[in-house]
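Okay, structure first, notes after.
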Amino acid sequence: MSENINRADVTVNLKDVHGQVITDEVEITFYNQRVQSLNQRFPVKFKGTPVVLSGVPAFPTGLAEVFINPKRYRYKSIFINVVGGEKNLINEDLFVDPDKARPTLMDFDDLKSKLYGEDLLRILRDSGIKKADWNGLDKRNRATVLNLSAKMFHDRLKNGDSLISNVESIVRKKMDKDHRERIFSPVNGNLLGTLRKFPEQYRSVSGSLHKFFDDWTPVSQQNSFKSRNDAGNIQFTFATNPSNASLADIDLDDHTGIQHAAEVLKHKITGANTNPYDIHQILIYFQGIDPGYRLL
């Protein structure tokens, strides 16, 4: 039967979050939904241009589930119905696999060239975080700071001020392996009130799951606000101390936003905590905000 069926070419266009065709080794497997003996596996090397797969079964035996398994990007699966005599296209966007990421452009000397560089260097200076301290941080902690800095530089308050201009410093002792998805920062005392008055951009949410430390206690009533993004949303949860200072637990995204990203890209993204490398990809893909470092 396999010799008597219709076959066609399928062009495969796999792009990264910047819209560029990837460079990677990819195994593409077609599981035919009509005839199991028509299953096919294609080992393919992408070199920055789309790849054409020849001899793929077409209608009426063209329906297949396609498993796309790159070496350095997240695995995904889709369905395609291949039709003879037509242009058959697989056009998919991929996220870098966090476990395969090789982050670059995130050392201390790289910071000054970033859009948010002046603000971040001010924050690090006032935190007592010097060059050796920064370069000694786990790269995932650095990635979180860079992600947050890019987002806070981009997002504005009602008066036009950036979020990052309201951040004074970062609590150094909380930049550890247990807090790779967030930072704790002393902030402008007016920031909480400003967010409360800007519901069009920042919605009030529960901050009950956010835990503070030392003599910091959560602010009563509305104390947590999240930006209105489908994915890549930033959240501020506020605490105060006996001196009436203001501290914010700042993080990016939650599992709702991660799930949205997974559904849009047909990726499987799981984990107890949000991976900052996934957030890097989400910010670029969904919001056009580039944190300024690279993962490959």
| query | Could you list, in sequence order, the residues of region 72-99 that are in contact (Cβ under 8 Å) with a residue 40 or more places away in the chain, under 30 Å from TRP134 (Cα atoms) and not hydrophobic (A, V, I, L, M, F, W, C)? | reply | ARG72, TYR73, ARG74, PRO98
| note | Taking region 54-83 and keeping residues assigned to a strand (DSSP E or B) and more than 30 Å from TYR277 (Cα to Cα) leaves SER54, GLY55, VAL56, PRO57, LEU63, ALA64, ASN81
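Residue by residue through region 19-43, note down the ones that are closer than 23 Å to HIS267 by Cα and buried (at least 18 other Cβ atoms within 10 Å of the Cβ).
ILE22, ASP24, VAL26, ILE28, PHE30, ASN32
Could you name every one of the helices (runs of 4 or more DSSP H) located completely within region 131-204 that has at least 3 residues being farther than 20 Å from ASP253 by Cβ? Please lay out each step first, then the result.
Working: elements: 131-135, 139-154, 191-196.
So the answer is 131-135, 191-196.
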| remark: All-but-one check, GLY128 against (1) on the phi < 0 side of the Ramachandran plot; (2) in contact with a helix residue (DSSP H, G or I) (Cβ under 9 Å, 6 or more places away or on another chain); (3) surrounded by fewer than 19 Cβ atoms within 10 Å (Cβ to Cβ), failing number (1)
| request: Exactly one condition in (1) touching a residue at least 24 places away in the same chain (Cβ under 8 Å); (2) over 17 Å from ASP97 (Cβ atoms); (3) touching a strand residue (DSSP E or B) at 6+ places or on another chain (Cβ under 7 Å) is not met by PHE46; state its number. | output: (2)
| Identity of the residue in region 1-53, of a type in the set (Lys, Arg) and part of a strand (DSSP E or B), that ends up nearest to ILE282 (Cα to Cα) | LYS15
| Name the residues in region 196-243 that are more than 27 Å from HIS260 (Cβ to Cβ), in contact with a helix residue (DSSP H, G or I) (Cβ under 8 Å, 6 or more places away or on another chain) and buried (at least 18 other Cβ atoms within 10 Å of the Cβ), would you? | none
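None of the figures in this text is laboratory data; all of them are computed from the coordinates on show. Keep in mind it's a predicted model, so treat the numbers as computed, not measured. Note that each Cβ is placed from the backbone with ideal geometry, even for glycine, and that neighbours are counted across all protein chains shown.
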